[in-house]
Amino acid sequence: MNKAQLMDACLHSFQGEVTGEVIHKIVLQIFEIDLDNASLLTEAEKEALAAAQDTQTEIGTKASSFSSMLPRHVLDSQLAAHGKLRTGPEIRIMLNQLFGVNLDAISSLEKARISLFSKGQWIVQQDHDLFVVYTGEGDVDVKVYPTAYFLEKTGMAGLPEDLQQALNSLGYHIDEETNGFYYADAEGQAVPDAFKGQTMGAIMATIRSSCSHL
C-alpha cells in the first residue's frame, strides 16, 4: 500500500467530520509534510496548474482573504464552500489546486530513488537516493543534481550523460555549484506540473537504463 492509498484508508475509516485540522494531521503523519509551511498559489500559478490539468478550478476567488490564515484554516473555508469532501482523491486535488502540493505524484516517488525538496521542506528523501530535485521558493526554479551516494558508488563527478542531454533539451543549464543542472522560468513564474513531470520522467528513464544496479 503506497502513501496515497494509506491516506485513502485513513479517511475512509475516519468516523468524525473531516476538517482542515484532520487533513493536516493525516498528511503530516503519512507524508511527513507540514501543510502549515505551504503557501497559497498565486493567480498565475493557479492558471498554469489549471491549464496543465486541462480543467477549470473555482479555487482562488478568496485568495487575498486567505493570505494571513493557516493552511488548515484555509482548508476549512474550502470545505465549507465546496461541500464536505471525504475521499482521498478529492482532498488531494484540492491540496494541489490550493498549495501546489501534489500528493499523488509524491506517493509515486516512494521507491523512485529521487529526493525531492519543495515548499521549503524535504518531501521525499532516502539514504540511497540517486538524484535530487530541488525547487526554490515559489517553485520558480529547479535544480537537479546527484546525491553523495550516487557520486560515491559511481565515481562520477556529475550527472550521467544521457540525463544531461535530456535535461538540456528541456531548457536546463549546467549548474557548477551542485554538479548538476538548473532551470528557471524566464518570466519568474512557477514551474508548471507538466514540466516537473517531464523532469521526473527524464530522471526515472536514466535510473532504469543505467542506474538500476546501484
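The values are calculated or read from the model by the stated rules, or taken from the named source; none is laboratory data. Predicted model only: the values in this text are computed from it and were never measured. Don't worry about glycine lacking a Cβ; one is built from the backbone with ideal geometry, like all the others, and counts go over all protein chains shown.
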* Residue under evaluation G138, criteria (1) of a type outside the set (S, T, Y); (2) assigned to a helix (DSSP H, G or I); (3) not assigned by TED's automatic domain parsing to the domain that holds I174, criterion not met -> (3)
* Asked: Does the range 192-199 include one or more residues that are under 15 Å from the mean Cα position of the chain (by Cα) and closer than 20 Å to M156 by Cβ?
  -> yes
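Of all residues in the range 77-88, count the ones that are buried (at least 17 other Cβ atoms within 10 Å of the Cβ) and not aliphatic (A, V, I, L, M). Please lay out each step first, then the result.
Within the range 77-88, the first condition is being buried (at least 17 other Cβ atoms within 10 Å of the Cβ), and the residues that meet it are 78-79, 85, 88.
With the extra rule that they be not aliphatic (A, V, I, L, M), the set shrinks to 78, 88.
So the count comes out to 2.
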* For the range 151-169, state whether one or more residues are in a helix (DSSP H, G or I) and on the phi > 0 side of the Ramachandran plot. => no
* helices (runs of 4 or more DSSP H) fully within the range 1-66 counting 1 or more residues that are modelled with pLDDT under 85 -> 43-52, 63-66
* To do: Look through L130, L116, L109 and report the one residue that is in contact with a Lys or Arg (Cβ under 6 Å, 6 or more places away or on another chain), buried (at least 16 other Cβ atoms within 10 Å of the Cβ) and under 28 Å from L6 (Cβ atoms).
  => L130
* Could you say whether any residue in the range 70-89 is within 20 Å of A4 (Cβ to Cβ), in contact with a Ser or Thr (Cβ under 7 Å, 6 or more places away or on another chain) and among the small types (G, A, S)? -> no
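On the basis of being at pLDDT 85 or above, within 23 Å of G201 (Cα to Cα), touching a Gly at 6+ places or on another chain (Cβ under 9 Å) and small (G, A, S), does S107 make the cut? Before the answer, list the steps.
Working: at pLDDT 85 or above: yes; within 23 Å of G201 (Cα to Cα): yes; touching a Gly at 6+ places or on another chain (Cβ under 9 Å): no; small (G, A, S): yes.
Taking the combined requirement at face value, the residue does not satisfy it.
Applying the selection to the range 170-204, what residues are over 13 Å from V144 (Cβ atoms) and either at pLDDT 90 or above or part of a loop (DSSP other than H, G, I, E, B) (or both)?
Step one: of the range 170-204, the residues over 13 Å from V144 (Cβ atoms) are 176, 185-190, 192-194, 197.
E176, D185, A186, E187, G188, Q189, A190, P192 - these are the residues of the range 170-204 that are over 13 Å from V144 (Cβ atoms) and either at pLDDT 90 or above or part of a loop (DSSP other than H, G, I, E, B) (or both).
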* Structure fact -> Flagged pairs (Cβ under 7 angstrom, 6 or more apart or on separate chains; first in the range 99-114, over 17 Å from V132 (Cα atoms); second of a type in the set (K, R)) are V101/K119; L103/R92; D104/R92
